[in-house]
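Everything on this sheet refers to the single structure shown next.
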Amino acid sequence: MEKREKVHCLVLFYPSQGHINPLLQFSKRLQHKGLKVTFITTRSVLKTMQGGGGGGEQSPSSFSSIALETISDGYDEGGASQAESIEAYLDRFREIGSQTLAELIEEISGSGHPADCLVYDSCMSWALDVAKRVGIAGAAFFTFSCAVTNIYSLVQNGLLKVPLNPGSEILQPGLPPLQPSDTPSFVYVSGSYPAFFKLILDQFSNLDKADWVLCNTFHELEQEAVDWMAKFWPLRTIGPTIPSMYMDKRHEDNWEYGLSLLKPNSDACMKWLNVKPKGSVAYVSFGSVAVIGEDQMEELGLGLRRSKSYFLWVVREKEAAKLPKGFVEETSEKGLVVSWCPQLEVLAHEAVGCFVTHCGWNSTLEGLSLGVPMVAVPQWTDQSTNARFIMDVWKTGLKAQADKKGIVRGEEIAHCVREILDGERGKEIRKNTSKWKALAKNAVDEGGSSDKNIDEFIAKLVPI
Ligand code: UDX
């Protein structure tokens, strides 16, 4: 252990909740295994946390002995919301972030415990250039599935031509033949969010210089995609990065990740769940970014009413105005609508019987690892591909089908929720979720596939 303590790992994340959670959890894991870890955030994120965005209750001490340092994204007062466009934000972040990261690493070098390795969110490929310039190891951390990462890399190197031909079939290791609409939205919706698409493709621009490519998945979950990608990159699967996985008495951890940009209504959610029968509640959430259309919101509301089940629905403050008029009051006997919740604690609650999800990769892994059957309602980015995994590969849920206008109607939502809560298919799906829950736990338990990979990663950093 002593030698491990000499290793200093810096972990840099992209400032968005779906990226913060897995990287923070991975940091905790490294620290638990004896490394010194410094978590690097932007000054704007720190301000959000301290200024009330995360509830005002959070402070750097939330992650105990993991040190916290900051760099600048060039918009210290408000982050991306201050920039005139996402393009402007990302360009400035690259420029100012590179400068301030290099300065920070230099400062850390003079502190008596110099850095050995930078683990960076793959969406910030410029960070690898900084690591190489200052002479430390660099590990890219992908927060998407391995299959999705592979699709993006094929597009980047021209092996998958976009726009995809409508009606074409895309063959990917470990997945059934994909329709264009099953691929990530940046790939199949021509010209959508060009700044984000560039960011996604940039992940691979210098990846051949990375000492490791870490992916938040586990070997058993995506075996074929992992084996395929490992032929080209020094790939290691290290997930799922979920705190509850460590809670089998031997690991000290909290339920929550520890750094939330939004304030959860924890007490209200838990009190409400505590008095609901086992497996009776549909938990509904679309993550931290997805913007739901007004029509879709109305259909979701209709579907939840029609399902006649209990529901706990997360509608972020910015989305609340789209809720059907009078919905909260009229459905208060059956449902609770909150602006943010402690998702892991909710998913782990025995009252929750199904998870209506946008299929963000973290939510997908969380639902699977905590054994909750899912109703997939993908919105954008990688979510359509994740939904195919849920429905057709792991068989841990149903994909709610959209109509010609791309809207999932209330009737369909109600049907999927009922089918999972008390239909015949629900029984089969619950069997499969139990199987995957156990496999996920095995992967991160001592000696499991991901645990071994983390040990191997650490061993290469430990001085001989
Ligand atoms: C996005 C992408 O969708 C995802 O695929 C990518 O890998 C990372 O960025 P997001 O859309 O926010 O993330 O979804 P998701 O990946 O599911 O992450 C959301 C996180 O917020 C989860 O870890 C979830 O536990 C947490 N959450 C969500 C809460 O803590 N409370 C809530 O009420 C809702």
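Read the figures in this text as sums done on the coordinates, not as results from a lab. The shown structure was predicted, so the numbers you read here are calculated from the model rather than taken from an experiment. Note that each Cβ is placed from the backbone with ideal geometry, even for glycine, and that neighbours are counted across all protein chains shown.
Taking every alpha-carbon pair under 8 Å whose residues sit at least 6 apart, the chain reaches a relative contact order of 15 percent.
Using a cutoff of 8 angstrom between alpha carbon atoms and counting only pairs six or more residues apart, the relative contact order for the range 266-440 works out to 26 percent. Relative to the longest principal axis of the chain, what angle (0 to 90°, nearest 10) does the C-alpha long axis of helix 146-156 take? Tilt of helix 146-156: around 70 degrees.
With the largest listed first and rounded to whole Å, the semi-axes of the equivalent ellipsoid of the chain from the Cα gyration tensor are 34, 25, 23. The amide H of LEU235, built 1.01 Å from its N in the peptide plane, has VAL213 as neighbours under 5 Å, considering only residues 5 or more places off or on other chains. Ranked by the mean number of other Cβ atoms within 10 Å of their residues, highest first, the peptides 328-337, 390-399 come out as 390-399, 328-337.
Listed cross-link partners LYS47/LYS263; LYS6/LYS36; LYS334/LYS435; LYS209/LYS460 are compared with a 19 Å cut-off, the Cα-Cα value being larger for LYS334/LYS435. Each residue of the range 339-351 was assigned a 3J(HN,Hα) from its phi angle through the Karplus curve 6.51 cos²θ - 1.76 cosθ + 1.60 (θ = phi - 60°); the sequence is 8, 5, 9, x, 4, 5, 5, 5, 4, 7, 6, 5, 6 Hz, with glycine and proline shown as x. In the chain, the longest principal axis of the Cα atoms and the axis of helix 410-422 are about 80 degrees apart. Counting only alpha carbon atoms, the long axis of helix 17-32 and the longest principal axis of the chain meet at about 50°.
Computed over the alpha carbons of the range 2-153, Rg followed by Dmax gives 15.2, 49 Å. Here the extension length gained between LYS161 and GLN223 equals 19.8 nm, from 0.36 nm per residue of separation less the Cα-Cα distance. Built from the Cα atoms of the range 68-198, the convex hull projects on average onto 9.9 nm², one quarter of its surface area. Whole-percent P(r), the range 354-446, all Cα pairs, 10 Å bins from 0: 18, 51, 26, 5, 1.
Of all aspartates and glutamates in the structure, those lying under 20 Å Cα to Cα from LYS161, and not within fewer than 8 positions of it along the same chain, are GLU169, ASP182, ASP202, ASP382.
I'm checking a number: the convex hull volume of the Cα atoms of the range 266-440, normalised per residue, in Å³. What is it?
With only Cα atoms used, the range 266-440 gives 104 Å³ per residue.
Eigen-decomposition of the gyration tensor built on the alpha-carbon atoms of the range 395-458 gives equivalent ellipsoid semi-axes of 36, 16, 6 angstrom, largest listed first. Helical content of the chain, expressed as a calculated mean residue ellipticity at 222 nm, amounts to -12000 deg cm²/dmol (DSSP H runs of 4 or more residues, -39,500 (n - 2.57) each, divided by residue number, nearest 500). So which lysines can LYS441 reach, going by Cα to Cα under 22 Å and dropping same-chain residues fewer than 8 places off? Qualifying lysines at Cα under 22 Å: LYS28, LYS33, LYS249, LYS395, LYS427, LYS431, LYS452. Computed from phi, the 3J(HN,Hα) profile of the range 186-203 under the Karplus parametrisation 6.51, -1.76, 1.60 (θ = phi - 60°) reads 5, 7, 9, 9, 4, x, 7, 6, x, 5, 5, 5, 4, 4, 5, 6, 4, 4 Hz, with x in place of Gly and Pro.
With bins 10 Å wide beginning at 0, the percent of Cα pairs of the range 321-367 falling in each bin runs 20, 46, 30, 3.
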